[in-house]
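For reference, the structure is listed below as structure tokens.
The values are calculated or read from the model by the stated rules, or taken from the named source; none is laboratory data. Keep in mind it's a predicted model, so treat the numbers as computed, not measured. Don't worry about glycine lacking a Cβ; one is built from the backbone with ideal geometry, like all the others, and counts go over all protein chains shown. For the accessible areas, the whole protein counts, side chains as well, though only heavy atoms, and no ligand, DNA or RNA atoms are used. Shrake-Rupley method; radii C 1.70, N 1.55, O 1.52, S 1.80 Å.
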Amino acid sequence: GELFAIWRGLILAWDMGFRDVCCETDCHEAFILLKNDTSAANNDVTELTRRIHVLMKRSWRVELALIQRTANHVADALAKYAVVQNIDQMEWLIPNNDVKELLKYDFLN
């Protein structure tokens, strides 16, 4: 779920040479687990949380931010699109019209 996506995103950011990263999530539970450095009852989540904390302690700056899903329609739409299309990573040089409309909506609201 969300923790796995955060872990993969951080690995990708590190491998690409980024050293100042803002990791945004709309999942309150994941945010609390990562921000408070607490363990979870589920061993899979605990191990993944531990791996994320190890990544975050590397020689870089990782900021965690909790955002409301309603505050970022673009991110929500792209995440859903990636799940439906089973896409691991994608790059668009120019946003399509649907994304442009969502950007406009987010900007105005």
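If you filter the stretch 80-105 down to residues that are touching a residue at least 24 places away in the same chain (Cβ under 8 Å) and assigned to a helix (DSSP H, G or I), you find that the one that is farthest from residue 12 (Cα to Cα) is 105. Only one of the numbered conditions (1) open to solvent by 100 Å² or more (accessible area, probe 1.4 Å); (2) in contact with an Asp or Glu (Cβ under 9 Å, 6 or more places away or on another chain) is not met by residue 35, and that is (2).
Taking the criterion of being under 15 Å from the mean Cα position of the chain (by Cα), under 18 Å from residue 24 (Cβ atoms) and polar (S, T, N, Q), would at least one residue in the stretch 96-109 satisfy it? No, the stretch 96-109 contains no residue that is under 15 Å from the mean Cα position of the chain (by Cα), under 18 Å from residue 24 (Cβ atoms) and polar (S, T, N, Q). Applying the condition of being among the β-branched types (Val, Ile, Thr) and open to solvent by 100 Å² or more (accessible area, probe 1.4 Å) to the stretch 71-96 and asking which residue is nearest to residue 2 (Cα to Cα) yields 83. Taking the criterion of being open to solvent by less than 80 Å² (accessible area, probe 1.4 Å) and part of a helix (DSSP H, G or I), the residues of the stretch 55-70 that qualify are 55, 56. Number of residues in the stretch 59-93 that are over 18 Å from the mean Cα position of the chain (by Cα) and at pLDDT 85 or above equals 1. Can you pull out the residues in the stretch 97-109 that are open to solvent by 100 Å² or more (accessible area, probe 1.4 Å) and modelled with pLDDT of 80 or more? Those that are open to solvent by 100 Å² or more (accessible area, probe 1.4 Å) and modelled with pLDDT of 80 or more: 97, 98, 101, 104, 105.
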